[in-house]
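Q: Below you'll find the structure I mean.
Rule-based calculations on the coordinates, nothing more; no lab input. Quantities reported herein were computed from a predicted structural model and do not represent experimental measurements. Every residue, glycine among them, receives a Cβ derived from its backbone with ideal geometry; neighbour counts consider all protein chains shown.
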Amino acid sequence: MTKDKEWDHKENLYIEPCACNYNCGQYILFMKGDRTHFRNAPENEFISTASLSVGDMFDLHENLSEKLDIECQRMDLEELLDKNDLPAE
Ligand SMILES: [Zn+2]
């Protein structure tokens, strides 16, 4: 994962409306096989992994936001520690 403008945010996963979204209102989360916990999933193929309602996507968003806040704080702390790196004794 990189932060350039060319960052492909759908390299390992993406979400598409279900084929019958007009009826079911669901979205499908596709993930590369090696990211799933499915046994024998083909590594580089996108696997239909979960059905998400709009409510589920809001929940997912909140969950991600919670975890990413923690990760950002950790990265900021690490950067701060790197800047204040004490010389080895
Ligand atoms: Zn559907």
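Q: From the set of residues in segment 1-47 that are more than 9 Å from the ligand (Cβ to nearest atom), among the aliphatic types (A, V, I, L, M) and within 18 Å of LEU60 (Cα to Cα), which is nearest to the chain's Cα centre (by Cα)?
A: Looking at residues that are more than 9 Å from the ligand (Cβ to nearest atom), among the aliphatic types (A, V, I, L, M) and within 18 Å of LEU60 (Cα to Cα), I get LEU13.
Q: Being touching a Leu at 6+ places or on another chain (Cβ under 9 Å) and within 21 Å of CYS20 (Cα to Cα) is the filter here; which residues of segment 32-55 pass it?
A: PHE46, SER48, THR49, ALA50, SER51, LEU52
Q: Within segment 19-50, take every residue that is in contact with a Ser or Thr (Cβ under 7 Å, 6 or more places away or on another chain) and either acidic (Asp, Glu) or not in a strand (DSSP E or B) (or both) and give me the one that is surrounded by the fewest Cβ atoms within 10 Å (Cβ to Cβ).
A: Residues of segment 19-50 in contact with a Ser or Thr (Cβ under 7 Å, 6 or more places away or on another chain): 25-26, 28-31, 36, 47, 49.
The next check asks that each one be either acidic (Asp, Glu) or not in a strand (DSSP E or B) (or both); those that pass are 25-26, 36.
On the way: GLY25: 14, GLN26: 17, THR36: 18.
Filtering first and then ranking leaves GLY25.
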